[in-house]
């Protein structure tokens, strides 16, 4: 419940302020989705989502630029195939080892018509939206445990808490 409230609150704020700063609302949600889909939690998710989204923006721009260098009518298809192969290969090595994040960046670049700077800033804003939604959700949960009704509630640990415990025992 805490995560839902935090994400809903911050998503509403994002939807209002993103256009005021020239960002694309939908691209921000693509970045936010990448953050949550990475699934590694906190700063690792923040780093992985940012790196893979920006790699995707670069790959999307590579396809757009390379396709204009040839007179072949299938140039876009040829370069899409080549760069997509590279994108999948990049997904097998660190720090770009989350292929869906790369694809999020690439398709967002295509959807914007190649406006890479606006897309990059919007994706980054969305990754931060995801990060702060998770952090605020944990804060809401902690506040509820501290100040909420005292009754026997079995709480479910979040993925972030499980990872923190695993790291602490290493």
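Residue under question is residue 84, and the condition is that it be crowded, with 20+ Cβ neighbours inside 10 Å, within 13 Å of residue 60 (Cβ to Cβ) and at pLDDT 95 or above; does it hold? Considered against the rule, which asks whether it is crowded, with 20+ Cβ neighbours inside 10 Å, within 13 Å of residue 60 (Cβ to Cβ) and at pLDDT 95 or above, residue 84 comes out as no. Of the set (1) at pLDDT 95 or above; (2) more than 13 Å from residue 23 (Cα to Cα), all apply to residue 116 but (2).
Can you tell me which residues in segment 49-85 are more than 21 Å from residue 113 (Cβ to Cβ) and within 20 Å of the chain's Cα centre (by Cα)? Answer for segment 49-85, where residues must be more than 21 Å from residue 113 (Cβ to Cβ) and within 20 Å of the chain's Cα centre (by Cα): 49, 50, 51, 52. Taken together, the criteria exclude residue 160 from residues that are under 30 Å from residue 5 (Cα atoms), surrounded by 14 or more Cβ atoms within 10 Å (Cβ to Cβ), in contact with a helix residue (DSSP H, G or I) (Cβ under 8 Å, 6 or more places away or on another chain) and modelled with pLDDT of 95 or more.
In segment 6-33, the residues that are at positive phi and exposed (fewer than 12 other Cβ atoms within 10 Å of the Cβ) reach residues that are modelled with pLDDT of 95 or more and not in a loop (DSSP other than H, G, I, E, B) with C-beta atoms within less than 7 angstrom, at least six apart or across chains, in these pairs: 22/118.
The values are calculated or read from the model by the stated rules, or taken from the named source; none is laboratory data. Computed from a predicted structure; not experimentally measured. In this analysis, Cβ positions are derived from the backbone assuming ideal geometry, glycine residues included, and neighbour counts consider all displayed protein chains.
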